[in-house]
Amino acid sequence: MKARIPINLASAPFRRDRAMLIATTLLSAVLAVALAGQIYLVLEERGRAEEARLEVEKIERSLRLQSSEIARVDGILRQVQNAEVLDRNVFLNTLISRKAVSWTQLFADLEKVMPGAVRLVSVRPQITPSNQVVLDMTVGSMSGEPVVDMLMRLEGSPLFGATTITTMLPPSQNETLYRYRLSVNYAPKL
């Protein structure tokens, strides 16, 4: 019997590379599509960024124009001959803001939080420099419990804020009620 000797006459042995070549080609195609998508997204984002940059420049230009107009008008108002008009304007604006407190609305809001045993002796609204309304009130009661109840209702109400008792006077021969003077923030609904 003759023994067969395997002889390979090729310079490189036979390998099965077809599957590897197909996988590499498919992966290259997927990566090329992903690269094209990334390039598209970058170019689109660059366009949006340019639009945003132009919009910001437009707004800044408008702001500079308005700032220069405000400075020009401020300069005119600050002139000596216009000082009287400016003072009168500030005075009238202060009167208008004080008139903005509606007495009818104020009493209606107080009626909602005041117990029946508490009497409103006086109320004086004040406008703070920060345009907040603060009520300086004097209330009277036969005992302290209804006033404490009123204070809790004031602080729990969305229309009123922090409450501070400034003084308390006991009953006297002329006055039969305990008198409490208090301050409370008031934010009326407009």
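For the chain, the membrane-span-like helix rule (DSSP H, alpha carbon extent of at least 30 Å along the helix axis, mean Kyte-Doolittle at least 0.0) picks out 18-77; this says nothing about an actual membrane.
Only DSSP H runs of four or more residues enter the estimate; each adds -39500 (n - 2.57), and after division by the residues of the chain the mean residue ellipticity at 222 nm equals -18500 deg cm²/dmol. Peptides 68-81, 132-145 ranked from most to least packed, by the mean per-residue count of other Cβ atoms within 10 Å: 132-145, 68-81.
Fraction of C-alpha pairs exceeding 26 angstrom in the chain: 68 percent, rounded to a whole number.
Since every read-out is calculated from the coordinates, none of them should be taken as a lab result. Predicted model only: the values in this text are computed from it and were never measured. Cβ: placed from backbone, ideal geometry, glycine included. Neighbour counts: every protein chain shown.
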